[in-house]
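Contents: one structure, followed by commentary.
The values are calculated or read from the model by the stated rules, or taken from the named source; none is laboratory data. Because the structure is predicted, anything quoted here is derived from the model rather than measured. Please note: Cβ atoms are built from the backbone with ideal geometry, for glycine as well, and neighbour counts cover all protein chains shown.
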Amino acid sequence: MKKLSPLYQRIYDIAGQVPYGKVISYGQIARMAGCGPRVVGYAMAALKSGSHPGIPWQRVINSQGKVSVHGDGVGNAMQFELLKGEGVSFDVEGRVNDPACWWMGKP
DNA sequence: GCAGTGACTAGTA
DNA sequence: ATACTAGCCACTG
C-alpha cells in the first residue's frame, strides 16, 4: 500500500466523515482540506475501486448538487444509484436540491 | 524542472 | 436560466 500525501489522506478522511444519506460539495472539502477544488476532484478520481474501501466517494458531488461526469460516465450512474439508495432526495433534474441532504448546508 | 491535465468554483456577459 | 473566463492546487510525463 503506497503512502498517500497528507492532503489526500485529509480529503479521504473528510469524505469518510460524511454521514449516511448526506452529500458534500468539492468546494467544502477543498476549504476544509486547505487546497483548491481541483485537488479534491483529482483525489476522488484517484480513488480506485478496492484500493480505498470505506470511502463514500459517491457522497462527494459538485456545488450544483449534481453528480459530475467522469471517464465514460459509468461510475456516474452507480454513484447516482448509491445515493438514491441511501435516501438522498433527487429532484426531477437529478440533483440534490434539498438542503437537508447536505452535510454542511448548500454553499 | 517545465508543461499539460483534471470528478471544480465563482464571477461576469 | 446558460456560456464563457479566470483562478485554483496537485499529480504525471
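Out of A:S63, A:S51, which single residue is in contact (Cβ under 8 Å) with a residue 24 or more places away in the chain, surrounded by fewer than 14 Cβ atoms within 10 Å (Cβ to Cβ) and either in contact with a Cys (Cβ under 6 Å, 6 or more places away or on another chain) or of a type in the set (S, T, N, Q) (or both)?
Being in contact (Cβ under 8 Å) with a residue 24 or more places away in the chain, surrounded by fewer than 14 Cβ atoms within 10 Å (Cβ to Cβ) and either in contact with a Cys (Cβ under 6 Å, 6 or more places away or on another chain) or of a type in the set (S, T, N, Q) (or both) holds for just one of A:S63, A:S51, which is A:S63.
Of the residues A:V74, A:V67, only one is farther than 18 Å from A:P19 by Cα and away from DNA strand C (no atom under 14 Å from the Cβ); which?
A:V74
Give just the number: which of (1) surrounded by fewer than 18 Cβ atoms within 10 Å (Cβ to Cβ); (2) near DNA strand B (Cβ under 6 Å from one of its atoms) does A:W57 not satisfy?
For A:W57, the failing item is (1).
Can you name the number of the only condition in (1) surrounded by fewer than 17 Cβ atoms within 10 Å (Cβ to Cβ); (2) at positive phi; (3) free of Cβ contacts under 8 Å to residues at least 60 places away in the same chain that A:A46 fails?
With respect to (1) surrounded by fewer than 17 Cβ atoms within 10 Å (Cβ to Cβ); (2) at positive phi; (3) free of Cβ contacts under 8 Å to residues at least 60 places away in the same chain, A:A46 is out only on (2).
Within the set of pairs 6+ apart or on separate chains, which have a first residue in the range A:66-80 that is at positive phi, a second that is assigned to a helix (DSSP H, G or I), and C-beta atoms under 9 Å apart?
Going by the 9 Å Cβ cut-off, the qualifying pairs are A:G71/A:A45.
Please work out which residue is modelled with the lowest pLDDT, limiting yourself to the range A:66-85 and to residues that are surrounded by fewer than 15 Cβ atoms within 10 Å (Cβ to Cβ) and charged (D, E, K, R).
A:D72
Do you know which residues across the range A:1-52 are among the charged types (D, E, K, R) and either within 14 Å of DNA strand C (Cβ to nearest atom) or not in a helix (DSSP H, G or I) (or both)?
A:K2, A:K3, A:R10, A:K22, A:R31, A:R38, A:K48
Would you mind finding the one in A:V23, A:V88 that is under 17 Å from A:P107 (Cα atoms) and buried (at least 16 other Cβ atoms within 10 Å of the Cβ)?
Values: A:V88 fails: under 17 Å from A:P107 (Cα atoms).
Only one candidate qualifies: A:V23.
Looking at the range A:21-35, I want the residues that are charged (D, E, K, R) and have a partner that is in a helix (DSSP H, G or I) and buried (at least 17 other Cβ atoms within 10 Å of the Cβ) with Cβ atoms under 9 Å, at least 6 apart or on another chain. Which pairs are those?
A:K22/A:R59; A:K22/A:C101; A:R31/A:P37
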